[in-house]
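**Q** Here you go, one structure.
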Amino acid sequence: MTTVSSGAGIVADAVIPAPVELEPAEGVLDLTTVTVHAADGAVAGLAGELLAAAGALVVPDGGVPVALTPDPAAGPAGSSNPERYTLTVTADGVTVAAPERSGLLHGVRTLRQLVAAARREAGVPLEVGAVVVRDEPRYAWRGLSLDVVRHWFGPADLRAVVDLVGSYKMNRLHLHLTDDQGWRLEIPSRPALTEKSSQGAVSGATGGFLTAREYRELQEYAAEREIVVVPEIDVPGHVNAATHAYGELMPSGEPTDTYDGIEVGFSKLHLDLPATEPFLRDVFSDVARMTLGPWVHFGGDEVLVMQPEEFGRFVVLCQEIIAGAGKTPVAWQEAGGSAHGDQAAAAALAGDAAASGTDAGAADGEQPALVRPGTILQYWDTRPDHAPFVRAAQAGAKFVMSPADRAYLDMKYTPEHPLGQAWAAFVELHDSYDWDPAALIDGLPESAIEGVSAAVWTETLLNRDDLFSMLLPRLAAVAEIAWSQPEAKDWESFRARVAVEAATWRRENAAYHPTPQIDW
């Protein structure tokens with residue numbers, strides 16, 4: 001990537017994530033007043049909103065033309081990436097070219113950053129340097145995992161998160177919707193889940209839930225911005241809200257008490273109870289039916305009070321239900337094996353081949369993988385042995401990288417920071433920037449890496465300001481990890497670009513942490 005600042009104090013190098021190619025040219029363009037031209041009215045409307053928020057006056061006619069143009073030849077030379085784009089700014093106008101809608105929006109988001117960087121006081125022309133940007137993402141999955149259970153964040157907050165995620169070209173919002181403290185999504189076949197278990201939260205805070213209609217509206221809002229919502233129903237642990245609503249999920253037949261603490265690992269389902277499998281089938285079938293995107297996450301993490309054999313059968317069953325409902329299963333890394341791996345469960349997954357001792361995807365003496373081809377595993381805990389994950393990849397699993405000591409954005413910045421936890425690490429901005437997804441799991445081919453996701457858990461986060469102050473500026477760092485090629489990354493350049501981008505956060509009253517690692 002070429003990194004320069006062009007004349008008249010106009011910042012050309014203001015783009016986060018770092019693009020593949022940024023080539024400044026001669027001249028400037030006054031974008032004080034613009035007119036957007038696009039065949040897709042929805043894309044034109046979104047482009048207008050982004051440019052207006054950056055400081056341009058968007059008018060229906062007569063402004064500097066900003067043309068959004070379908071073009072299969074756009075992007076870096078030879079690229080076939082469906083999200084590629086080319087942004088061209090000349091003295092005559094702006095063109096964003098891309099083969100698909102997503103690329104058009106990415107190009108507009110880059111233009112938004114250039115416009116925002118050039119913004120001055122009222123009455124001063126909004127001049128952007130001529131430039132050509134050719135760009136494409138490194139990974140297809142670039143996301144944020146957001147816990148809305150420990151503390152509840154409602155539809156307005158979630159739309160604000162969608163906008164933030166989109167601003168850095170991220171395209172997945174994974175919602176952790178169920179846990180011990182509460183249940184946050186209406187399930188039509190199991191109404192007691194929200195009737196009895198939606199109002200709880202940590203330390204007695206007020207809870208809430210998404211109705212089926214609100215969930216649909218949120219997905220549609222995200223889809224307009226080329227972001228897919230991935231729902232997570234966490235089983236077979238983290239289930240106290242479920243067992244509080246339905247006592248038949250417990251051996252005693254009695255519902256569990258509500259829980260508003262932050263400990264993990266104490267709750268579980270019981271696969272041998274007659275109520276359990278019908279419950280799972282009802283819940284995951286409803287969630288799959290309600291979900292517009294192709295993925296449903298079934299959790300599987302921190303099941304600390306269950307024998308490996310039973311856990312393995314849960315992993316097999318949940319994949320079967322979700323795949324049978326037409327969705328791709330996603331789970332936390334534990335579903336890939338690790339300490340919960342089990343030969344009997346793997347045989348159940350692989351069928352007669354494994355049961356008879358024939359090839360089931362593992363060498364002699366090795367344990368077959370629990371996961372079926374196409375299942376996505378979210379890697380978060382860097383401590384376990386890597387061998388089960390390599391076997392899972394050999395069996396066809398894909399990985400989303402969310403290492404807790406880099407990408408968990410609820411970790412405290414420093415020991416003195418008032419919010420967050422520190423069980424994984426203290427995670428400053430440079431820590432979130434200085435890692436490579438391809439180097440996390442020894443022996444894992446890069447072809448098995450679907451992408452990267454930041455994660456934020458909300459035990460200590462009470463409101464939107466708390467949430468955004470933990471996300472910003474670190475979410476921008478993870479976005480660059482997910483999008484940019486390794487050779488395009490540069491810490492000093494990133495520091496400078498964050499300082500420029502922060503002006504937008506201040507204008508939009510978005511809370512952020514003024515880390516001393518940036519010269520604000």
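No lab work stands behind these numbers, since they all come straight from the coordinates. For clarity, every value in this text was computed on a predicted model and none was experimentally measured. Please note: Cβ atoms are built from the backbone with ideal geometry, for glycine as well, and neighbour counts cover all protein chains shown.
**Q** Taking the Cα centre of the chain as origin and charging only Cβ (+1 Lys, Arg; -1 Asp, Glu), how large is the dipole, in debye to the nearest 20? Working shown, then result.
**A** Numbers: 37 positive and 72 negative charges, 192 e Å.
So the dipole magnitude of the chain works out to roughly 920 debye.
**Q** Okay, moving on. Any chance you could give the angle, 0 to 90 degrees and rounded to 10, that helix 474-483 forms with the longest Cα principal axis of the chain?
**A** The two axes meet at around 90 degrees.
**Q** For segment 244-263 and segment 126-186, what is the centre-to-centre distance using only Cα atoms, to the nearest Å?
**A** So the separation of the two Cα centres works out to 31 Å.
**Q** Could I ask something else about it? Tally the DSSP beta bridges in the chain and give the antiparallel ones as a percent, rounded to 5. Before the final figure, lay out the partial values.
**A** On the way: 19 of 65 bridges.
Bridges in the chain that DSSP calls antiparallel: roughly 30 percent.
**Q** Right, here's the next one. May I ask for the distance between the Cα centers of segment 48-97 and segment 455-495, given as a whole number of Å?
**A** Spelled out, the Cα-based centre of one part sits 26 Å from the other.
**Q** Using the Cβ atoms and a cut-off under 15 Å, what net charge is assigned to the surroundings of residue 426, where Lys and Arg are +1 and Asp and Glu are -1?
**A** Values: positive: 406, 412, 474; negative: 405, 410, 416, 428, 431, 434.
Charge balance in the 15 Å sphere: -3.
**Q** Within the set of other residues whose C-beta is less than 15 Å from the C-beta of residue 40, count the net charge using Lys and Arg as +1 and Asp and Glu as -1. Numbers along the way, then the final one.
**A** Working: positive: 101, 225; negative: 49, 71, 100, 224, 226.
My count for the surroundings of residue 40 gives -3.
**Q** Put +1 on the Cβ of each Lys and Arg and -1 on the Cβ of each Asp and Glu in segment 150-256; which of 249, 209, 171 then has its Cα farthest toward the positive end of the dipole?
**A** Value: 171.
**Q** I need the trypsin sites (Lys or Arg not before Pro) found in segment 112-201, filtered to DSSP loop residues with at most 14 other beta carbons within 10 Å of theirs. Could you put the intermediate results ahead of the total?
**A** Numbers: sites: 112, 119, 120, 134, 138, 142, 150, 159, 169, 172, 184, 196; in loops: 119, 120, 138, 150, 169, 184.
Counting only loop positions with at most 14 other Cβ atoms within 10 Å, the trypsin sites (Lys or Arg not before Pro) in segment 112-201 are 120.
**Q** Still on this structure, I have one more. P(r) of segment 21-135 in 10 Å steps, Cα pairs, percent per bin?
**A** Taking every Cα pair in segment 21-135, the percentages come to 16, 50, 29, 4, 0.
**Q** Next question. Using a cut-off of 12 Å between beta-carbons, work out the net charge of the residues near residue 97 (Lys and Arg +1, Asp and Glu -1, residue 97 not included).
**A** Details: positive: 84, 134; negative: 71, 100, 135.
It works out to a net charge of -1.
**Q** Shifting gears a bit: Looking at segment 414-476, which GluC sites (Glu not before Pro) are DSSP coil and have at most 16 other C-beta atoms within 10 Å of their C-beta? Please list the in-between numbers first.
**A** Working: sites: 416, 428, 446, 450, 459; in loops: 416, 428, 459.
Sparse-neighbourhood loop GluC sites (Glu not before Pro): 416.
**Q** Right, another one. Which of the listed residues, 39, 72, 371, is farthest toward the dipole's positive end in the chain, when Lys, Arg count +1 and Asp, Glu count -1 at the beta-carbon?
**A** Ranked along the dipole, the leading option is 39.
**Q** Here is a further query. Residue 327: which lysines have alpha carbons under 26 Å from its alpha carbon, excluding same-chain residues fewer than 8 sequence positions away?
**A** 169, 268, 398
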